[in-house]
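First the structure, in the form of C-alpha cells, and then the observations on it.
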Amino acid sequence: MKNLFSSALLVLAVTGSLLAVNCRRSIQSISANEVKVEVVINKDQLSSFARLAESIPEGSTIKYAKSEGGRLSIQDNKVKIIWLTLPQQSSITISYIVSTESLKEGNYSISGNFSYVDGGLTKDFDIPANNFTINSSRVASTSSASASESAALINKVMTGNIFATSKVTYAIQILSTKDKLPADHFYKNKVQEVKIETTSDGTNKYIMGAYKSSNEAIATRDSLVKKGYNDAFVVAYSNNQRITLEEAKLLEAGK
C-alpha cells in the first residue's frame, strides 16, 4: 500500500509538470496619457483555480479592464483577476488601460505574476516587468509597434468590464445601434477609445471617456456635439453598472 501511494504521488507530480504554462505582457501607448497592457496566458490544459496579479505605478489608475470571465478587483495600484474555473481555450488574453495623466516624467514599470493550482499544488509564474517612459511628449512605451499598428489599436472598439471601480465614474454615450458600426467609424471622426456596452436585447451602446466629475463629461459631450454627434449625452457608472445621474449625485454626497 505504501508503494502504491508513493507511485500515485509520482504520477501526480509528473502529470503536473507536463503543463506548458507561460505568460507574456506587452505595453503600448494609445494616447498622450494612456497605455494599454495586454497579458497573454498560455495555460495549456489548465482548468482549475488561477489568479493574475498586476502592479501598476503608484499614482496611475485603471480606466478599463477585460477579465476573460474572471472576477476583477482593483485596489490602489493592484489589479487582480481570479478564476474559480479557467476558460476552456488554451490561451487567454487579459487587457487593461492605465491612465498615466498623474505621473511625472520618468521611468515606470508594470510587474505581476500568474498563480495556479496544478495537481493539488499551488504554482507561480513570475511575469517579467515591462518598462515605459513618461517624457515631455508624455508616454513612450517599450513596444516597437508600427504606426499602422498603433492606429489600429486606437481605432479598436473595446468590450468587457468597462468601469470596475466603486467610485462614481461619468462617461458619454455617443450613440446606440442594433448593428455594430465599422471598426474605423470613430477614428474617421477623430474620436478615440470608444467602448461598447451591449444590452440584453442586442443594442450596442458606444461609450467614451471616464471622468471624475459631471462637468468634465459635459465638456466632452459638447465637443462631440460639435463633431456631429448630436445625440451624445452624459451617463454614470458605479461598480461596472450604469446608474442614473440622480443616483450618482447621491453616491457622491455619501447618502
Likely footprinting exposure, Thr122, Thr169, fewest C-beta neighbours within 10 Å first: Thr122, Thr169
Per residue and in cubic angstrom, what volume does the convex hull of the Cα atoms of segment 20-141 have? 89 Å³
Efficiency by 1/(1 + (r/R0)^6): what FRET value for Leu250 and Ser102, r their Cβ-Cβ distance, R0 = 30 Å, to the nearest 0.05? 0.65
Would you mind ranking Asp201, Asp124 by Cβ crowding within 10 Å, fewest neighbours first? Asp201, Asp124
Full-extension gain between Phe233 and Lys190, please, as 0.36 nm times their residue separation minus the C-alpha to C-alpha distance. 13.7 nm
Distance in nm between label sites at Asn77 and Asn113, each 7 Å beyond Cα in the beta-carbon direction? 1.8 nm
What full-extension length gain, to one decimal in nm, is calculated for Asp126 and Lys205 as 0.36 nm per residue of separation minus the Cα-Cα distance? 24.7 nm
Suppose the chain between Ala219 and Ser55 were pulled fully straight at 0.36 nm per residue; how much longer would it get relative to their current alpha carbon spacing? 55.8 nm
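Read-outs: derived from the displayed coordinates by stated rules, not from any lab. Treat the numbers as computed from the prediction; the structure is a model and nothing was measured. A quick note on method: Cβ atoms are made from the backbone with ideal geometry, for glycine too, and the neighbour counts reach across all protein chains shown.
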